[in-house]
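The values are calculated or read from the model by the stated rules, or taken from the named source; none is laboratory data. Predicted, not measured: the structure shown is a model, and the values here were computed from it. Counting neighbours? That spans all protein chains shown, and the Cβs are built from the backbone with ideal geometry, glycine included. These area figures cover heavy atoms from the full protein model, side chains too; ligands, DNA and RNA do not enter into them. Shrake-Rupley method; radii C 1.70, N 1.55, O 1.52, S 1.80 Å.
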Amino acid sequence: MRKKPLKADYTVALAGNPNVGKSTIFNALTGLNRHTGNWTGKTVECGSGYAKIKDKRFEITDLPGTYSLNAYSEEEKLAKEFLMSGNADCVVITLDSNRIERNLRFALEVLSLHNNAVICLNLSDEADKNGVYIDSEKLSNQLGVPVIKTSAVKKQSLKELKNKIYDICSAEKQCDNCVSVPNDDRLLHMLSKQICEKCVVKNSKRAVDRRTEKLDKILTSKSTGIPIMLGLFALLFWITAIGANYPSELLGMLFDYIKQLLYKFFDFINAPIFLKGIIIDGIYTTLSWVVSVMLPPMAIFFPLFSLIEDSGYLPRIAFNLDKFFAKCGTHGKQSLTMAMGIGCNACGVTGCRIIENERDRNISILTNSFMPCNGRFPILIAVTMSFFAAGANKLVASIEVALVLLTAIVFAVALTLLISKVLSVTYKGAPSGFALELPPYRKPQIIKSIVRSLLDRTVFVL
């Protein structure tokens, strides 16, 4: 009989803006493996786990990311209700050290509800590279709560964070010099700006952040954003097409060799001809053809797409398509869920929860299925390669395959936009706008991306 989990001594909530590393800190504290990603809206529901710190048991709750406590979307309402319930003995307010001023405003809102909090300046290693220096002691004095610099990916200062959580939960008095938080939004913005001016120093000589801004201007430009996006996908399909030829040939030779052995074995046991036809010419030949043709493209395409996903370019794709969805009268976040649908329609549909308006959310769910995903890409790639990859010139054939696949993607996007426009006119409901915010670029963990992609996608489809 399964034992029920022991009751926790304290409850800790992880709060913060989207894409600041809350789930990574949650995994590091609890030892769980909640999926993380470099795009806004990755966490849209609460996740709970347990951690033992010293002699006490803590329940850690990972709240959905929200930019403000003025909740509009369902996940924002969920985070707000949890914070206002008073169930948390300690709130870990996770901030992105690279965007401290924007994150600090949310931290002040949380501090207006909870003084029993600790500020976690995550991504501090990236901030150092970008020339952003935050004086944690000054910031702690300004806010009246502990401030700790961390790098959740590298698990830096996590022990210090655990000890501070333990101290806050076990202390009778939570805050000695708490900051006075105004209710007015304009005053709140001014206060966060004043605190940043006192505690944050940016080194203008460091060019990392400037290079990122220049790169974003190119990748999201009106003139170059779409061509670069199409070129990237064409390159991705070309690498898939030309790279899949060699393993496909090797697998085909291997399966043919095994097929001959099966013929000899069936002749040895004097098996009937109809049985050889069913098992060898039917089941085995069909299965071996499917594996040899479909497995290599999948094993190449999905890990490469995972790298694009983890690096932070996926939100840039959504940003480039945002204006087209706005012209169709639908929600801008639909562009992000559609881009997620390229990897998996199920993720794209469930990701529609980040859309606040019910009308726009339903339109996004209905049209997400038009994007080819990991269930349809193998068939699409296999059929395309069957007709276009059989030429004598493998280079020309691979380019043809890449262009055909790219055309299919463009057609799927055009169809999604067309149906979205039709539904926006015929489907009743109040539309809502959205300004898509881009997360920073991050160096993808190559091995993790490849393993996750092969396990979650390739094996699943097979």
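Given a 1.4 Å probe and heavy atoms of the protein chains only, how would you sort 360, 89, largest accessible area at the top?
89, 360
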Once amide H atoms are built 1.01 Å from N in the peptide plane, which residues 5 or more positions from residue 57, or in another chain, come under 5 Å H to H?
-> 9, 10
Spin-label model distance (nm) - residue 101 vs residue 32, 7 Å beyond Cα toward Cβ = 3.6
In the stretch 227-269, carbon and sulfur make up what percent of the accessible area (probe 1.4 Å)?
-> 78
Enter the accessible area of residue 310 (Å², nearest 10), with the probe set to 1.4 Å and all protein chains included.
-> 30
Between residue 17 and residues 5 or more places away or on another chain, the pairs with built amide H atoms under 5 Å apart involve 66
Using the Karplus curve 6.51 cos²θ - 1.76 cosθ + 1.60 with θ = phi - 60°, work out ³J(HN,Hα) for each residue of the stretch 398-407 in order, rounded to whole Hz, and write x for Gly and Pro.
-> 5, 5, 4, 4, 4, 5, 5, 5, 5, 4
Roughly how many percent of the accessible protein surface of the stretch 66-117 is carbon and sulfur, given a 1.4 Å probe and a whole-percent answer?
-> 45
Order by protection proxy (mean Cβ within 10 Å, highest first), peptides 77-84, 295-302, 124-131 = 295-302, 124-131, 77-84
Fraction of beta bridges assigned by DSSP in the stretch 76-158 that are antiparallel (%, nearest 5) = 10
Using alpha-carbon positions, the gyration tensor of the stretch 79-168 gives root eigenvalues a ≥ b ≥ c; with a/c under 1.5 called rounded, otherwise prolate if a/b exceeds b/c, else oblate, the class is prolate
Could you give me the radius of gyration and the Dmax of the stretch 207-356, taking only the C-alpha atoms into account and expressing both in angstrom?
-> 23.2, 75
Using alpha carbon centers only, the stretch 408-427 is separated from the stretch 250-300 by a whole-angstrom value of 43
Heavy atoms of residue 411 accessible to a 1.4 Å probe, total area in Å² rounded to 10 | 140
Which of the aspartates and glutamates could a cross-linker span from residue 421 if the Cα-Cα distance has to be under 13 Å and same-chain partners fewer than 8 positions apart are dropped?
-> 360
Lysine pair number, Cα distance threshold 20 Å (strictly under), the stretch 207-359, separation 8 or more or different chains = 8
Listed peptides 161-167, 317-323, 14-20 by packing density, highest first (mean Cβ within 10 Å) = 14-20, 317-323, 161-167
Residues of type aspartates and glutamates that residue 129 reaches as a straight line, Cα spacing below 12 Å, ignoring anything fewer than 8 places off in the same chain = 209
Among 367, 286, what's the order by accessible area (1.4 angstrom probe), most exposed first?
-> 286, 367
Protein-only accessible surface order, largest first, of 193, 22, 149, 214 at 1.4 Å | 214, 193, 149, 22
Determine, from the Cβ-Cβ distance of residue 253 and residue 197 and an R0 of 60 Å, the FRET efficiency 1/(1 + (r/R0)^6), rounded to the nearest 0.05.
-> 0.30
